[in-house]
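**Q** Handing you a structure now.
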Amino acid sequence: MKNTKKAIYFISILVFIQLLYSGSIPLVKAEHTIPESYSQNLNFNKPYVYEVVQFGDSTGWYNFTFGLEGEWKTNPGGQIRINLTEFYNKDINDWGNVFSDPIPWYDIEIYENNLGTLNNNFTLNNRSNSEVARALTLGYNNFQSGFLIPDENLTHIKELATNQADPGGLYDIVGEIDIEETYDFLYIGFNQIGGSQKTELIYDKWTGLLIWAKTSIFGYLLEIQSLNFTLDYTSSFIYNVNQFGGVVGWYNFTFGLEGEWKTNSGGQIIVNFTGYYNKDPNDWGNIFDDPIPWFDIEIVKNISNALITNFTLTNRSNSELGWALTLGYNNFQPGFLIHIMDNLTRVKKLALQEASGFVNGLVSVEETELTIKITFDQSDGGQGTYLIYEKWTGLLLWVETFVGSYKLEMAIESYIPWESTKEENGTPSNLLLKSLPYIVITSISIITISTSLIISRFNTKFKKFNKYVLIAILASASFASFFVFTSSIEVGEVNEPLREVQEITLIVDYANGTIRTWEDFELSDYNTTAFDALKKWCDIEYTDYGDMGILVESVDHIRGNWRYSINDEFPGVSANKYNLQNGDTIKWIFG
């Protein structure tokens, strides 16, 4: 009997040990509180859910200690769910991770979408962020950021990301790093040089949680998007005023003038979201659909480094704020928040169609990974409005706007606006260089004429030659100026289309794992733009905005946000305005 009890006791111990290992529970001391370097607002009691946008090719899941633990897969419409379990030290067999202990550990569940029903097909308990990151390719080299990063020192995170572009290890790969930061987000992109890995990650700066990822290597492709992230509507959005000019009246749609408002450099404009409501019945016109955002607004002046509130209004529509502060043009009044940012193509279409109305002007739209920049320049120069918004939230990040004597430039907290990629931004730096020959010609002419006048003053016989000297100098200067002008003309400046271009390559990336390529073809009869190359091979839908160009809305029945690059650079003009050269590579990208 005693032997039987001993046997049962011994077997129980073995079973318990086996359960520990099967769950991969780390044999280290747990941190019962969240480390200071991580957000204190993380939730241990609910899952963080990610919807699968794209997936290609099942792949093996490897544990650092036990090796392959099975194949996992999902599909578009499926989900990946993680439950935060604790913060532990890394697995002792971790291949390498630049993040310091302790790091987050999770339970993870992977679901497939079967005709609208989510079926769980892969589950693991208590796995390190490092293991999860490597299994899902949510990182590169030893920068295995996974689902959660420390948010205490983002400068340090960016340094770690950059340093892992070319770490020089045996199994490490060399790539290009692209980092962008806005008010809410940190984007980290890794593109292997001459290889197959491309990993893009967007994190919420306030929690450190992953909100979007698109990653691929060889045949594997995964794109996921957080279903938990929403803009924090409870916080005040504080805009620091960099420039202000003029005093402006504030008009309510129903009651008319409500007073004059002003601020100054160093002042602030503070808005608090109050809700989504329909527009004011007397709204002068706003092309955004109901319901739209409404806000409380507080305008603050800087008086001897003291912030003094001098204008306050409660629960006013985004449309009213847009009109009052000139955060828009014509009936395109995006104000402080574009609430339809989930349809980026429609946002751009609305922005372009409002180039004419109360005033006429030129509209352009440019993008980065995290932002969209919309600019309006009135034809006669009366109004200029330049706006940058977060693409994920629609939140206004920066504005510079003027009309008449009124001028306002402000940015949300510490946001620094990116510079336009348009060619005219480079004009001031090249202006002196291009003008230098004309300055030299003018200087020589003035010196020669002055010398002739001085000589004739002391030698009266020379006076009769002055007019001939003057004619000769003017003729020489004119000829020299014409020669300099004609010899300095560049094709890019005059933007003349070629009748025929050869050795053209077109690449269309549908962002669903399909990439189509057409190589070494010709375009002729002056139909030689980037738009013509796409139209030659693909079924497209677009809207023509006349002088501003076309907006491609659908390629091969895939509707959404399409943009193009030429030789890996993104031009600042519409595709039908970009004239190709021999050997150009055009890439159209969805998303």
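**Q** Report every pair of residues separated by at least 6 positions or lying on different chains whose Cβ atoms are under 7 Å apart, first residue within the range 267-289 and free of Cβ contacts under 8 Å to residues at least 24 places away in the same chain, second among the acidic types (Asp, Glu) and loosely packed, with under 14 Cβ neighbours inside 10 Å.
**A** ASN278/ASP290
**Q** Something else about it: Just need a number here: residues in the range 282-303 that are within 25 Å of the chain's Cα centre (by Cα) and more than 23 Å from LYS348 (Cβ to Cβ).
**A** Our first condition is that a residue be within 25 Å of the chain's Cα centre (by Cα); within the range 282-303, this holds for 287-289, 292-293.
Next, only the ones that are more than 23 Å from LYS348 (Cβ to Cβ) stay: none.
Number of matching residues: 0.
**Q** Something else about it: With the condition being acidic (Asp, Glu), I'd like the strands (runs of 3 or more DSSP E) fully within the range 319-422 carrying at least 2 qualifying residues.
**A** Working: elements: 361-367, 371-378, 383-390, 396-403, 406-412.
Because the criterion is at least 2 residues that are acidic (Asp, Glu), the strands (runs of 3 or more DSSP E) in the range 319-422 that meet it are 361-367.
**Q** Still on this model: Kindly state which strands (runs of 3 or more DSSP E) lie completely within the range 495-591 and contain at least 1 residues that are modelled with pLDDT of 85 or more and among the basic types (Lys, Arg). So that I can check it myself, show each step before the final result.
**A** Values: elements: 501-509, 515-523, 540-544, 550-555, 562-566, 585-590.
Where strands (runs of 3 or more DSSP E) fall fully within the range 495-591 and carry at least 1 residues being modelled with pLDDT of 85 or more and among the basic types (Lys, Arg), they are 515-523, 562-566, 585-590.
**Q** Scan LEU231, LEU257, LEU210, LEU313 and give me the residue that is in a strand (DSSP E or B), among the aliphatic types (A, V, I, L, M) and at pLDDT below 95.
**A** Details: LEU231 fails: in a strand (DSSP E or B); LEU210 fails: at pLDDT below 95; LEU313 fails: at pLDDT below 95.
The conditions single out LEU257.
**Q** Further question: Return yes or no: is ASP539 outside the structural domain of LEU344 (by TED's automatic domain parsing), exposed (fewer than 15 other Cβ atoms within 10 Å of the Cβ), of a type in the set (Asp, Glu) and farther than 28 Å from LEU222 by Cα? Quick ask: steps written out before the conclusion?
**A** Details: outside the structural domain of LEU344 (by TED's automatic domain parsing): yes; exposed (fewer than 15 other Cβ atoms within 10 Å of the Cβ): yes; of a type in the set (Asp, Glu): yes; farther than 28 Å from LEU222 by Cα: no.
Judged against the criteria, ASP539 is not a match.
**Q** Restricting the search to the range 120-157, which residues are part of a loop (DSSP other than H, G, I, E, B) and not hydroxyl-bearing (Ser, Thr, Tyr)?
**A** LEU138, GLY139, ASN141, ASN142, GLN144, GLY146, PHE147, ILE149, PRO150, ASP151, GLU152, ASN153
**Q** Please verify whether the range 158-175 includes one or more residues that are in a strand (DSSP E or B), surrounded by fewer than 23 Cβ atoms within 10 Å (Cβ to Cβ) and under 24 Å from the mean Cα position of the chain (by Cα).
**A** First, pick out the residues of the range 158-175 that are in a strand (DSSP E or B): 175.
Now drop any that are not surrounded by fewer than 23 Cβ atoms within 10 Å (Cβ to Cβ), which leaves 175.
Going one step further and asking which of them are under 24 Å from the mean Cα position of the chain (by Cα), we end up with 175.
Yes, the range 158-175 contains at least one residue that is in a strand (DSSP E or B), surrounded by fewer than 23 Cβ atoms within 10 Å (Cβ to Cβ) and under 24 Å from the mean Cα position of the chain (by Cα).
**Q** Of all residues in the range 382-400, which are surrounded by fewer than 22 Cβ atoms within 10 Å (Cβ to Cβ) and in contact with a Gly (Cβ under 9 Å, 6 or more places away or on another chain)?
**A** GLY382, GLN383, GLY384, GLU400
**Q** Condition check: farther than 21 Å from TYR38 by Cα, among the polar types (S, T, N, Q), more than 18 Å from the chain's Cα centre (by Cα) and not assigned by TED's automatic domain parsing to the domain that holds LEU395. Does GLN197 satisfy that? Give the derivation first.
**A** Values: farther than 21 Å from TYR38 by Cα: yes; among the polar types (S, T, N, Q): yes; more than 18 Å from the chain's Cα centre (by Cα): yes; not assigned by TED's automatic domain parsing to the domain that holds LEU395: yes.
For GLN197, the condition - farther than 21 Å from TYR38 by Cα, among the polar types (S, T, N, Q), more than 18 Å from the chain's Cα centre (by Cα) and not assigned by TED's automatic domain parsing to the domain that holds LEU395 - is met.
**Q** Within the range 70-93, is even one residue at pLDDT below 90 and either within 17 Å of ILE211 (Cα to Cα) or of a type in the set (Phe, Trp, Tyr) (or both)?
**A** Within the range 70-93, not a single residue is at pLDDT below 90 and either within 17 Å of ILE211 (Cα to Cα) or of a type in the set (Phe, Trp, Tyr) (or both).
**Q** Shifting gears a bit: Can ASN45 be described as farther than 30 Å from ASN163 by Cβ, at pLDDT below 95 and of a type in the set (S, T, N, Q)? I'd like the intermediate steps shown before the answer.
**A** Numbers: farther than 30 Å from ASN163 by Cβ: yes; at pLDDT below 95: yes; of a type in the set (S, T, N, Q): yes.
For ASN45, the condition - farther than 30 Å from ASN163 by Cβ, at pLDDT below 95 and of a type in the set (S, T, N, Q) - is met.
**Q** Only residues that are under 32 Å from the mean Cα position of the chain (by Cα) and either without any contact (Cβ under 8 Å) to a residue 40 or more places away in the chain or surrounded by fewer than 17 Cβ atoms within 10 Å (Cβ to Cβ) (or both): list them for the range 80-106, please.
**A** ARG81, ASN83, GLY96, SER100, ASP101, ILE103
**Q** Sticking with this one: Regarding the range 107-118, can at least one residue be identified that is in a loop (DSSP other than H, G, I, E, B), more than 24 Å from VAL53 (Cα to Cα) and among the small types (Gly, Ala, Ser)?
**A** Applying the first criterion (in a loop (DSSP other than H, G, I, E, B)) to the range 107-118 yields 115-116.
Next, from what is left, pick out any that are more than 24 Å from VAL53 (Cα to Cα): none.
Scanning the range 107-118, I find no residue that is in a loop (DSSP other than H, G, I, E, B), more than 24 Å from VAL53 (Cα to Cα) and among the small types (Gly, Ala, Ser), so the answer is no.
**Q** Scan the range 563-580 residue by residue and report those that are among the polar types (S, T, N, Q) and buried (at least 16 other Cβ atoms within 10 Å of the Cβ). Don't jump to the end; show me each part of the working.
**A** Residues of the range 563-580 among the polar types (S, T, N, Q): 565, 567, 574, 576, 579.
Across the range 563-580, the qualifying residues are SER574, ASN576, ASN579.
**Q** Counting only residues that are touching a residue at least 24 places away in the same chain (Cβ under 8 Å), closer than 21 Å to GLY591 by Cβ and surrounded by fewer than 20 Cβ atoms within 10 Å (Cβ to Cβ), how many does the range 351-367 have?
**A** Adding up the residues that qualify gives 2.
**Q** Are any residues in the range 551-573 touching a strand residue (DSSP E or B) at 6+ places or on another chain (Cβ under 6 Å), under 20 Å from LYS391 (Cα atoms) and among the polar types (S, T, N, Q), and if so, which ones?
**A** If the condition is that a residue be touching a strand residue (DSSP E or B) at 6+ places or on another chain (Cβ under 6 Å), under 20 Å from LYS391 (Cα atoms) and among the polar types (S, T, N, Q), then SER554, SER565 are the ones that fit.
The values are calculated or read from the model by the stated rules, or taken from the named source; none is laboratory data. Since this is a predicted model, take the numbers as computed values, not measurements. Counting neighbours? That spans all protein chains shown, and the Cβs are built from the backbone with ideal geometry, glycine included.
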